[in-house]
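Notes follow the structure.
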Amino acid sequence: MLVGQCVECHRAEKAKGGYRLDTFEQLLKAGDSDEVPLVAGKPEESELYELISTHEEDDRMPKKADALPEKEIALVRQWILEGGKFDGPDAKAALATLLPQKEVQSPEKYPRPIPVTAMALNGDGKVLVTNGYHEVLSWDPETGKMRGRIAGMPERVLGLSFIKGGPLLAVAGGSPGRSGEVWLVNYARPAERKRLAQLRDCALSAVSTPDGSVLITAGADNRVRAFALPEGKPMWDLEAHADWILSLAMSPDGRHVASASRDRTAKVFDVKTGTVEGTFNGHEVAVLSVAFSPSSDQIISGDANGEMHRFKPDGEGVKDTTMSPGGRSEVLGLGFLNTELPVAALGSGLVISMDPKTRKKKDVLAQHDDRLTKMCIGGSLELRRLITASHDGWVRITELTSPAGGLPGPLQIKETRRFIASPGW
Ligand code: HEC
């Protein structure tokens, strides 16, 4: 009840009335009124009980909402009468992390295809993972057949990253507006798993260094977090943006991570320390996607108006050159086909390559009937494999070869497989 009705206004980031109850330890400390919140055995002397049971609507908690149901008020009274004891393992732990985890059974067959909100391809290109409802789904990208399901995951899975060097998968997600989670799962033995973080809102993105030593996550709590792998020990944690962080990109050299935020900026951080190396302010609307060039020395970012910009990782050398893929279609995903050719996944359902010289659309590489949601690029420079996914649940696999001696030559584009990434479809 406290987690659902009160923590929103009474936590570290926002302690209304100078009062926090996001941990039991904090709940015991008086706020600005200096009235003791909890007097063991004496509900009528406990400010917390006084404020949930008062008939003075202006004073009553939860503030500006209906009174709690009588049954819940009675339960709090009973609890205080019995001594107001805490029976959890750690009075300093966030109350939200102490709630029992509900085991949710995912349906065997989904009633309808679900939007692909997260996708990752492992190093050898043999395993593709996507989001399910309370689960992660794994697929064989050659055949489009489901390989397995990892249950007990967040309600929404919004970020996935394979960790190089081990059978580990990072999973980011949560329940929108209520909670966020970051997990590290052994995808060969899914029972081996560890929850790295419990957040107040969804984790939207997860990326890891090419050597598998650091995991970075970010999301709707505007924070970027780094964890040392394989243990998952927290390294740094930063309130990095003024609004949701919608996506992250890792530099191929593993030294920098870039973020795209609804606050209209993109930022670059040092992976080891979390130091902000540069902020790019060239966008006029929400920044939706970012990618590093293969040489790690350039970043492209795309926004909700369909504009793309290129800049350097160090704040100083920021270069603002606008590229527009044509139309005002949102740039939802970005990547590089080779050292020169940026690829953009658009709200219109098109995946296009961009000519870096003319700054215009070059080739259409793939086409979906709904807005693009995720894109992975794998394979070698001779044969690139492009995996794209859309809101209607479709995943398309496209092979790109260049008969005239390697990329970037004229491209041969061939869709080799498509399937709906939902069980039973
Ligand atoms: C929408 C925001 C909001 C919610 C939700 C909310 N509170 Fe409050 N709370 C406040 C504000 C603002 C104050 C400061 C006093 C005031 O304005 O009435 C306050 C003050 C308090 C205080 C007194 C702190 C002090 O010592 O001054 C307690 C105790 C308290 N709230 C408990 C709760 C409990 C328990 C819940 C959940 C049932 C809750 N609050 C939900 C906004 C909220």
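The values are calculated or read from the model by the stated rules, or taken from the named source; none is laboratory data. On a predicted model such as this, the values are computed, not experimentally measured, just so you know. Positions of Cβ are backbone-derived with ideal geometry, glycine not excepted, and every protein chain shown enters the neighbour counts. To get the accessible areas, we keep the full protein, side chains included, count just its heavy atoms, and leave off ligands, DNA and RNA. Shrake-Rupley method; radii C 1.70, N 1.55, O 1.52, S 1.80 Å.
Structure summary
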| quantity | calculated |
| --- | --- |
| Directionally averaged projected area (convex hull, Cα atoms, the stretch 329-389), nm² | 3.8 nm² |
| Mean Cα-pair separation over length for the stretch 78-208, i.e. relative contact order, pairs under 8 Å, 6 or more apart, % | 16 percent |
| Helical contribution to [θ] at 222 nm, DSSP H n ≥ 4, -39,500 (n - 2.57), averaged over the chain, rounded to 500 | -1500 deg cm²/dmol |
| Whole-Å semi-axes of the chain's equivalent ellipsoid (Cα gyration tensor) | 44, 24, 19 |
| In degrees, nearest ten, helix 70-81 long axis to first principal axis of the chain (Cα) | 70 degrees |
| Rg in Å to one decimal, and Dmax rounded to a whole Å, for the stretch 32-182 via C-alpha atoms | 22.8, 67 |
| Relative contact order (%) - criterion: Cα under 8 Å, at least six apart; region: the stretch 199-322 | 16 percent |
| Å² per residue, accessible surface of the chain at 1.4 Å | 48 Å² |
| Kirkwood Rh in Å, taken over the stretch 154-196 so that all alpha-carbon pairs contribute | 10.6 Å |
| 5 Å binning of all Cα-Cα separations within the stretch 1-120, expressed as whole percents from 0 upward | 2, 10, 17, 21, 18, 9, 6, 6, 6, 5, 2, 0 |
| Size-normalised alpha-carbon gyration radius of the stretch 119-370, reference 2.2 N^0.38 Å | 0.96 |
| Relative contact order of the chain, pairs being alpha-carbon contacts under 8 Å that are 6 or more residues apart, as % | 8 percent |
| Accessible area of the stretch 119-370 belonging to carbon and sulfur atoms, whole % at 1.4 Å probe | 47 percent |
| At most 16 other Cβ within 10 Å, DSSP loop - GluC sites (Glu not before Pro), the stretch 197-277 | GLU231 |
